[in-house]
Structure formats: C-alpha cells, structure tokens
Amino acid sequence: MYDFFMPNVNFFGRGAVKVTGDRCKILGAKKALIVTDRFLSQLAGGPVDKVTDSLTASGISYVIYDGVEPNPKDTNVLAGLKVYQENDCDLILTIGGGSAHDCGKGIGIAATHEGDLYENYAGIETLTNQLPPIVAVNTTAGTASEVTRHCVLTNTKKKIKFVIVSWRNTPLVSINDPELMVGKPAGLTAATGMDALTHAVEAYVSLGANPVTDAQAIQAIKLISENLRQAVAYGGNIEARENMANASLLAGMAFNNAGLGYVHAMAHQLGGLYDIAHGVANAVLLPHVEKYNIISNPRKFAHIAELMGENIDGLSIRAAADKAIAAIQKLSEDINIPSSLRDLGVKEEDFELMAKLALEDGNAFSNPIQGKMEDIITIFQSAY
Ligand SMILES: [Fe+2]
C-alpha cells in the first residue's frame, strides 16, 4: 500500500499569475496577507506588482509582510503572524520561492495552533487544526514548496532547521508562471535547480518510492539535465525556464510522497548552523551521499546516468551507476556550484553535532541505506 498526496490545484504556464485574484475570491477571501521578501516587494513591475494588480481587479484587499529571509526563521513567522492578526486577514498569499512559501505555511500554523512551532510540531502529521487558505505564487524552479506538505523553518535559538510535514500545509492553490522566473540571477537559478535535481534523485532511490513517484522523478531528472545549464547561461531563455518549472513541479510531487534522504537531512544542518543556501548545500552533498547510496540500487543509479545523458552502452550495471555520480558533478561544475564544504566555510569540528542532528531529521528515514553516525561523518568529510 502507498498513499499519494497531490496538490489541490496548480495553475501552470506563461501568464498564469493573472488567475491569482479570482482564485482568492473563489476561496472567499476578503483580505490577503502577502508573504514575500523585500527584494520582490520593491521590484517595480515584478511578481508582487503582478499579483496585487490581479487582487485589485478581483476586489480583494491585501497587506504585505516582506520580512522573509533565506532559510526562513521562526522570528520571520512570528513577525508575519502579527501583521496577519492585526489586519484581520483571512488568506495567506505567498510570493517567492521556498522561503516565502514555508514562512507563509508557518504563519498559517502559528495562527491556528498553540505553543512553539519547533517544540510542539516538528515531525510528521503533527498538526490538528485546519490552516487558513494558502495561495502560493511560485517564482523559482527549485523547492516546489508551493505544492508540498513540507514546511521547513529555522529555530534561531537552537540554530536548527526543522520540518513540519502535514497534508494541512499544502497550499489550496499554487501558481507556476515561468514568466515570473525569467531574469532570476544565474547563481540562484543554479542553486534552486540543483535543489530540484536533489528532490528527484532522492525521491527516485528513496525507501518510499513507488511507481507514481518514479515516473515523476524520472521525467524531472531528464528535464533538469536538458535545461538547467541553458537557464543558468541565459536567464531570459523562457523555454528552459518553463522546462525547469515543470521539472521542479514533478520532483516536488515525487518527494512529497516518496520522501527524501541524507542529502536533505545533512543540508538542513548546514542551513541551520551556517545559513548556507539550501540548493548550494544540497548540490555540494549530492554526489557524496549518492556515492554512498549506490549499492542500494545500482540499476536505478545506472538509469540516472542514462537520463543525465551519459553513454552507458556496454557497461556493467555497476560501472554505469558510477557514471551517475560523475554526471551530477559535471552538471554542478558547469553551473559554478562551489565544489566543497571547505569553500563554504564549514568547520570540521561541527561534523559530529551535524551528523547526530542529521540522523534525527525527518528526511533521514527514507534514505535507501540506514547508516550510523560514523557514516554521516565520513560523508561530511568526503564533501569537505
Ligand atoms: Fe530541497
């Protein structure tokens, strides 16, 4: 048996942002809390302006909270909650990438649940109350938080990134408009694209994989391999952007059900302790974790190599599987992802603590090899 969580409704395509106001109206909203970051809120003619135009046309009033930071903090959630409550909002409208969506989900949880988000709700299906309606307008091809039940936040006191996984978190409406992704800087495109690749690869080899998630992960890996370089090289390449948006959506649906693995479990520690961008942390760890995972399913890794454009003709399954690791490294290198944890300023003395916390992270339990603390430390060392 397997369960399968799906997004409620996702609008996909060039110009899809125009449906935002109408969908908020259909949900019965009177006043929306827009959750975003300062860069987007100040960008003239950008995604926030496009959304507010659509809201105004549909007669929905709104207030903007633009304090979302990368690796969104519990403090961001509380500040957004204050704006939500003081303005009697009845809908949460997130605009941005994963940080905005996760912060918006956090605000929805905090508005409807007593107690501390980390102490009381970190974990799987811990939420007991219905959240306010969430509409997520997505502007990056990466986290897929606009369609998932995952809410990843940072506990600022403990410097820990934690996950609240619940079907109640899933936005009621999500919008993926590739035109909102055009012109995103190369570094951000590269990091978010590698996050999407990590979702697809981890979901494909996960202990929770099933035929539906395999189909999604396979198509996502293929699309990313064929389009990420082009999207990084020229941000205005709308075709590459659209293919990356489709890949991100597919990979998101895959991991929303199959789960992830040690890459995310370990990357969360780098995000919590060093505030390293999520996609970059994943990209650096991905080849090292998958090298460790390879013996769990050489056939799937050989398939990944093929999907990523490697020629595996005449090779044994095991030799072809190795080519997947090389293909991931080549992609990272081509799009200028830092190659080591050392380059990111990580300190070796933190490996032990991070390894312990990684094994407690909710994503660790679906990794295809259930290892020990020494294994995680060794992976950190090889990525160093
Ligand atoms: Fe991720």
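The values are calculated or read from the model by the stated rules, or taken from the named source; none is laboratory data. For clarity, every value in this text was computed on a predicted model and none was experimentally measured. No Cβ is skipped: glycine too gets one built from the backbone with ideal geometry, and neighbour counts run over all protein chains shown. Accessible surface is based on the protein model in full, side chains and every heavy atom, while ligands, DNA and RNA are left aside. Shrake-Rupley method; radii C 1.70, N 1.55, O 1.52, S 1.80 Å.
Across Phe4, Phe365, Phe255, the residue with the most accessible area heads the list, and the full order at a 1.4 Å probe is Phe365, Phe4, Phe255. 3J(HN,Hα) along segment 54-66: 5, 5, 4, 4, 9, x, 9, 8, 7, 9, 9, 10, 10 Hz, from the Karplus curve 6.51 cos²θ - 1.76 cosθ + 1.60 with θ = phi - 60°, whole Hz, x for Gly and Pro. Over segment 1-94, the pair-distance histogram of Cα-Cα distances with 10 Å bins from zero comes to 15, 41, 34, 8, 1 percent, rounded to whole numbers. FRET efficiency for the Ser61 to Asn129 pair, using the beta carbon distance and R₀ = 22 Å, is estimated at 0.30. Sorting Tyr204, Tyr62 on solvent-accessible area from highest to lowest, probe radius 1.4 Å, gives Tyr62, Tyr204.
Rolling a 1.4 Å probe over the protein heavy atoms of the chain, with every protein chain left in place, gives an accessible area that is 52 percent carbon and sulfur. Thr189 sits with roughly 10 Å² accessible to a 1.4 Å probe, with DNA, RNA and ligands left out of the calculation.
Scanning the chain for GluC sites (Glu not before Pro) in DSSP loops with at most 15 other Cβ atoms within 10 Å, what's the longest stretch left with none? Counting at most 15 other Cβ atoms within 10 Å as exposed, the longest clean stretch of the chain is 126-384. Size estimate for the chain follows the Kirkwood approach: the inverse of mean 1/r over distinct Cα pairs works out to 20.6 Å.
Do you know the relative contact order of the chain, to the nearest whole percent, from alpha carbon pairs under 8 angstrom that are 6+ apart? For the chain, the relative contact order is 16 percent.
Across all directions, the average flat footprint of the convex hull enclosing the Cα atoms of segment 219-323 is 7.5 nm². Once backbone amide H atoms are built at 1.01 Å from N, Cys89 has no partners under 5 Å, excluding neighbours fewer than 5 places away on the same chain.
For the chain, build the charge dipole from Cβ charges (+1 Lys, Arg; -1 Asp, Glu) around the Cα centre, then report which of Phe4, Thr75, Ser339 sits farthest towards its positive end. Working it through, the farthest residue towards the positive pole turns out to be Phe4.
For the chain, what is the percent of antiparallel DSSP beta bridges, rounded to the nearest 5? Within the chain, antiparallel bridges account for around 20 percent of the total.
For segment 211-303, a crude dipole built from +1 on the beta carbon of Lys and Arg and -1 on the beta carbon of Asp and Glu, taken about the Cα centre, is about 220 debye to the nearest 20.
With distances taken between every two different alpha-carbon atoms, segment 32-138 has a Kirkwood hydrodynamic radius of 13.9 Å. Per residue, the Cα convex hull of segment 137-284 amounts to 105 Å³. Using a Gaussian network model of the chain in which every pair of alpha carbons under 10 angstrom is joined by a spring, one finds that among Asn243, Asn297, Asn282 the greatest mean-square fluctuation is at Asn297. A 1.4 Å probe run over the protein chains yields, for segment 152-221, 30 Å² of accessible area per residue, whole-number rounding. The spacing between segment 268-345 and segment 168-205, judged by their C-alpha centroids, is 18 Å. Each Cα pair under 8 Å and six or more residues apart adds its separation to the average, and for segment 273-327 the resulting relative contact order is 35 percent. Measuring max minus min along each principal axis, the C-alpha atoms of segment 180-221 give extents of 36, 16, 12 Å (largest first).
Working from label points 7 Å from Cα in the Cα-to-Cβ sense, the Glu226 to Ile295 distance is 3.5 nm. Against the criterion of solvent-accessible heavy-atom surface with a 1.4 angstrom probe, Tyr84, Tyr234 sort, most first, into Tyr234, Tyr84.
Residues in segment 229-384 average 41 Å² of solvent-accessible surface per residue, probe 1.4 Å, ligands and nucleic acids excluded. Ligands, DNA and RNA aside, Thr156 has an accessible area near 60 Å² when probed at 1.4 Å.
What segment 1-121 shows is 46 Å² of accessible area per residue, with the surface traced by a 1.4 Å probe over protein heavy atoms.
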